[in-house]
1. Yes or no: the stretch 227-246 includes at least one residue that is surrounded by fewer than 24 Cβ atoms within 10 Å (Cβ to Cβ) and at positive phi.
2. In the set L295, L283, L255, which member is of a type outside the set (K, R), buried (at least 16 other Cβ atoms within 10 Å of the Cβ) and assigned to a loop (DSSP other than H, G, I, E, B)?
3. For the stretch 270-280, which positions are touching a helix residue (DSSP H, G or I) at 6+ places or on another chain (Cβ under 8 Å), in a helix (DSSP H, G or I) and within 23 Å of P178 (Cβ to Cβ)?
4. So, L204, is that one touching a Lys or Arg at 6+ places or on another chain (Cβ under 8 Å), touching a residue at least 60 places away in the same chain (Cβ under 8 Å), hydrophobic (A, V, I, L, M, F, W, C) and closer than 24 Å to F332 by Cβ or not?
5. Between a residue in the stretch 353-380 that is farther than 21 Å from M271 by Cβ and any residue that is of a type in the set (G, A, S) and part of a helix (DSSP H, G or I), which pairs come within a Cβ distance under 8 Å, given they are 6 or more apart or on different chains?
6. So which pairs qualify, if the first residue must be in the stretch 231-252 and within 13 Å of Q68 (Cα to Cα), the second must be among the acidic types (D, E) and surrounded by fewer than 12 Cβ atoms within 10 Å (Cβ to Cβ), the Cβ gap must be under 9 Å, and the two must be at least 6 apart or on different chains?
7. As an exercise: evaluate V115 against (1) of a type in the set (V, I, T); (2) at pLDDT 90 or above; (3) outside any strand (DSSP E or B) and give the number of the one condition it does not meet.
8. Do any residues in the stretch 119-140 that are polar (S, T, N, Q) and surrounded by fewer than 18 Cβ atoms within 10 Å (Cβ to Cβ) have Cβ atoms under 9 Å from those of residues that are modelled with pLDDT of 90 or more and not in a strand (DSSP E or B), where the two are at least six apart or on different chains, and which pairs are they?
Amino acid sequence: MVDSSVMKSVRLILTALFLFLPVLALSEDPVGDLGQRLKAGSARLTYDAKQGYLSSLLKALDIPVSSQTLVFSKTSLQSEGITPASPRAIYFNDDVYAAWVQGASSIEIMSVDSVRGSVFYALSQENDGRPQFEVVTGHICSACHFSQESPKKFVPKLVLSSVIPDEKGNVEGTFPFPTTDQTPLAERWGGWYVTGTHGAQRHLGNVSLKTPMTVTGNLSRVDFSKSLNVIDLSSRFDTSRYPSAHSDIVALMVLGHQVEVHNLFALASGMPDADPRDVGERLVQSMLFVDAAPLKEPVRGSSSFAADFSGRGQRDAQGRSLRDFDLKTRLFRYPLSYLIYSKAFDGMPEKVKTYVYGRLVDVLSGKDKSRDFAHLSAPDRTAILEILRSTKSDFPR
């Protein structure tokens with residue numbers, strides 16, 4: 001997060017650069033591939049007056065509308081258009097993220113490429129009949145997305161944070177709190193809308209104050225009576241202007257996990273000469289949900305996201321998938337990240353991938369009984385190992 005004056009300056013530079021940067025063809029990059037097909041005339045995007053190219057883009061990239069999450073804090077380069085009455089919408093699948101702001105000049109897109117790590121794009125919302133993706137260079141993205149772990153090379157880093165904004169979405173004077181699946185629910189989603197039910201469990205979504213504050217501040221002045229177990233957002237803003245009326249709690253939980261794992265994929269690809277154990281062990285722990293915050297009560301989303309997400313899963317002969325949800329005590333029924341099937345995982349340096357596979361075999365076979373993996377029961381380990389050996393062709397036998 002940067003202050004608003006810096007955001008405005010960077011946005012001006014960004015807009016100028018978009019006019020000159022060519023689109024790069026990336027073999028494992030779905031956005032680059034779509035860009036080439038648009039140029040060749042084998043694909044097209046349709047413009048509509050309400051959302052520009054958004055709906056057509058989501059369909060072309062196979063991003064489900066139900067993945068929509070909404071953030072109303074001014075924590076992006078398009079902050080001028082973001083308020084609680086006009087939140088920024090973020091959509092995602094296993095390989096691509098798209099962010100849309102009402103009235104903005106472009107749609108922001110990030111593609112997770114198996115060779116280059118994460119690649120940032122912009123799609124102009126000008127209705128000129130020639131939609132094209134423009135690659136955004138690293139030094140522009142570094143205002144918010146620079147990984148401090150790779151100081152010699154720009155490695156893009158996805159950012160998912162929590163901070164309680166004021167009634168206009170401003171966050172000046174506060175610091176974002178990182179949100180992953182290890183973050184307790186009580187500290188998640190400040191500055192985001194959250195729809196769905198979660199019992200008495202508290203989170204920071206759907207809250208704004210007269211003055212912004214950090215999630216570690218004095219929460220006694222926060223009124224949670226109208227911010228928890230919210231199903232309908234129509235009283236807060238005009239939901240008809242969005243492809244979905246939801247900011248699904250299950251989608252937010254999946255997003256928190258996915259962002260962390262994708263950042264580690266990018267780090268592994270961006271630092272090919274590093275010791276594979278450095279990022280590899282962190283990947284193993286993240287993919288096996290080590291230290292993930294447990295659910296104290298069941299969680300249920302407000303949209304079709306859970307069904308849409310699970311329906312995309314590869315299944316073994318018993319019908320089991322790593323995309324099956326639990327949502328009672330933890331996020332997934334079989335706690336190993338579904339991103340093991342992604343192109344970004346397969347495209348990591350071979351030595352990192354080999355290390356991760358070796359460690360997974362150690363843990364899932366029961367050879368590694370260390371405390372880090374104590375949350376995995378013997379049936380968990382057996383089931384995950386069987387699913388992998390049935391559905392992941394290159395997993396060691």
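1. There is at least one residue in the stretch 227-246 that is surrounded by fewer than 24 Cβ atoms within 10 Å (Cβ to Cβ) and at positive phi.
2. Working: L283 fails: assigned to a loop (DSSP other than H, G, I, E, B); L255 fails: assigned to a loop (DSSP other than H, G, I, E, B).
Step by step, each of L295, L283, L255 is checked, and only L295 is of a type outside the set (K, R), buried (at least 16 other Cβ atoms within 10 Å of the Cβ) and assigned to a loop (DSSP other than H, G, I, E, B).
3. Hits for the stretch 270-280 are V279, G280.
4. Answer is no for this residue.
5. Qualifying pairs under 8 Å: G366/A378.
6. Close Cβ pairs satisfying both conditions: T239/D232; A245/D232.
7. Evaluating V115 over (1) of a type in the set (V, I, T); (2) at pLDDT 90 or above; (3) outside any strand (DSSP E or B) leaves (2) as the failure.
8. Once the first residue is polar (S, T, N, Q) and surrounded by fewer than 18 Cβ atoms within 10 Å (Cβ to Cβ) and sits in the stretch 119-140, its partners that are modelled with pLDDT of 90 or more and not in a strand (DSSP E or B) give N127/Y47; N127/A49; N127/Y53; Q132/G35; Q132/L38; Q132/K39.
The values are calculated or read from the model by the stated rules, or taken from the named source; none is laboratory data. Note that the coordinates shown come from a computational prediction; the quantities given were computed from them, not determined experimentally. Neighbour counts run over all protein chains shown; Cβ positions are idealised from the backbone, glycine included.
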